[in-house]
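Okay, structure first, notes after.
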There are 2 protein chains.
Amino acid sequence: MITAGFYQFHPKFGQIKKNLGRVISALSSVTADVIVLPELPFTGYLFKDRDETFELAEDLQNSPTIERLSKLCHERDFYLVTGFAEKSRNKVYNSALLIGPEGLLHTYHKLHLFNTEKACFDPGNLPLKVVEIRGIRIGMMVCFDWAFPEVARILAIQGADVLCHPSNLVLAYCQQAMTTRCLENSVFAITANRFGPDTRNHGEITFTGQSQIVAPDGSVMYRSLPDREDLFITTIDIEKARDKWLTHKNHVLNDRRPEFYEAICEGKNLPNHR
Amino acid sequence: MITAGFYQFHPKFGQIKKNLGRVISALSSVTADVIVLPELPFTGYLFKDRDETFELAEDLQNSPTIERLSKLCHERDFYLVTGFAEKSRNKVYNSALLIGPEGLLHTYHKLHLFNTEKACFDPGNLPLKVVEIRGIRIGMMVCFDWAFPEVARILAIQGADVLCHPSNLVLAYCQQAMTTRCLENSVFAITANRFGPDTRNHGEITFTGQSQIVAPDGSVMYRSLPDREDLFITTIDIEKARDKWLTHKNHVLNDRRPEFYEAICEGKNLPNHR
């Protein structure tokens, strides 16, 4: 049994220190093994353009935000999976970071960018990878990655127990789709969404909350309200994620027939079917 | 616009002629382009063993059932996708057949066998393949294939407009999972389930009805009751399945990153993660 959960809140655009302070304060007396934060929880989401994204993003090797979060993890002895606007030389990624008492442990760059993110971020360039902490195998994915069944599948094949899923959701589909992801892979998923609007001169987007934890049988263990701050921590039995038998004779991973799945891995230049 | 639908009914185990008569009678005055029947609608499902399955299965080249269905398709000028217990030399497959006015057009052998089917059938040995009829691209999958996102994905990559999905469902998960399959691939799906029990000396299974048609946005257009005969035909706009844009900038297939998906196509001998 481990304790895991998320913090759903309303980041204020561009106010990195204030948002960081909010997170530190909310988590300052929490006991847990793993806590998931939303996508881009420090910068906010609705960047004007790539230049502004780059300006607000931080370098992993020189980030006061990561330093402060590492200190929090050390003080509270927990691990965080958090969204992060990451710059690296001339690139800028919509990232998820795994941070623990020992500092930054793993970085994932969102592979599937949503909508206007394509104008602000570079597409992810790193393979999906499961990282083990305290005997828990963490798979990291970011927001719109939910729409691509390949992501959760690959993390499950690598042995993930828990999909940690920082999100800034605007569409209504993700929460239900994640129940399918959990069932088909027999994994837990913690989707940490933000709520409230990002209001800028060039537009406004309102995020939909409803952060959730889903069990390996696809059942929703808990779901937040759409518009309230919510810190939720629960115990989860990761052994349930390691039992991959959907029936006595059906193993969700070993019953796969990869010899018939080649089309999934072939080049992306598909014929135009229209 | 095409007209398509399904026939949900209660086949009686082992009574091939009677079940066939039931189907012929139900469809004798129907006008449609495509009608989907359940999995194994003529033999029934709960075989005692492989020998019994083999005994009740028919050879594609010598099947009174296929001949009669072809005649029906010719008379009514429609296409059927139907489950079928198929024997081929010393093999026996849980198949889906596409039959039209011109006869048998395509055969699919269920790739992912459910539970005790593993003792009665050989696993599918043919690649997934989309077949075009009257400008409609038909993808065929059988029942438990729903649990493997790879199946619907591959059919969508091949250009399927409509997933025709003969089923004999006993678990409660499929109907919701199919809404995710449709959304993530922007395709229609027609799941034709049977209802009622198969009661044999060696056991009983009750099937759950709730056949459904799902639209490319994941919405359920229609769902049958769990325990009633139901012939349902509707119009569907296949152009909706050809619009793969989930947002102005997100194409559900072209946004895939197959260069990162290799693990899905690799050998099935996974490490034991326990």
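Listed values, structure above:
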| read-out | value |
| --- | --- |
| Failed item in (1) open to solvent by less than 20 Å² (accessible area, probe 1.4 Å); (2) modelled with pLDDT under 95, with residue A:177 passing the rest | (2) |
| So residue B:49, is it away from every other protein chain (no Cβ under 14 Å), of a type in the set (Asp, Glu), surrounded by fewer than 18 Cβ atoms within 10 Å (Cβ to Cβ) and out of contact with any Cys (no Cβ under 9 Å at 6 or more places or on another chain) | no |
| Total residues in the stretch B:164-210, condition of a type in the set (Lys, Arg) and either free of Cβ contacts under 8 Å to residues at least 12 places away in the same chain or more than 13 Å from chain A (Cβ to nearest Cβ) (or both) | 2 |
| Residue list for the stretch B:216-252, restricted to those being at negative phi, within 13 Å of another protein chain (Cβ to nearest Cβ), surrounded by 17 or more Cβ atoms within 10 Å (Cβ to Cβ) and not polar (S, T, N, Q) | B:216, B:238, B:241, B:244, B:246, B:252 |
| Residue B:123 assigned to a loop (DSSP other than H, G, I, E, B) and within 14 Å of chain A (Cβ to nearest Cβ) | yes |
| Strands (runs of 3 or more DSSP E) contained entirely in the stretch B:1-107, each with at least 2 residues that are farther than 30 Å from residue B:240 by Cα and among the charged types (D, E, K, R) | B:79-88 |
| Long-range neighbours under 6 Å by Cβ, at least six apart or interchain, first residue at the interface with chain B (Cβ under 9 Å from one of its Cβ atoms) within the stretch A:141-161, second aromatic (Phe, Trp, Tyr) | A:144/A:114; A:150/B:261 |
| Unique residue being open to solvent by 10 Å² or more (accessible area, probe 1.4 Å), among the aromatic types (Phe, Trp, Tyr) and closer than 19 Å to residue A:37 by Cα when the list is A:114, A:78 | A:114 |
| Filter result (open to solvent by less than 10 Å² (accessible area, probe 1.4 Å) and either closer than 27 Å to residue B:183 by Cα or free of Cβ contacts under 8 Å to residues at least 40 places away in the same chain (or both)) within the stretch A:129-140 | A:138, A:139, A:140 |
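The values are calculated or read from the model by the stated rules, or taken from the named source; none is laboratory data. Quick caveat: nothing in here was measured; it's all calculated off a predicted structure. No Cβ is skipped: glycine too gets one built from the backbone with ideal geometry, and neighbour counts run over all protein chains shown. These area figures cover heavy atoms from the full protein model, side chains too; ligands, DNA and RNA do not enter into them. Shrake-Rupley method; radii C 1.70, N 1.55, O 1.52, S 1.80 Å.
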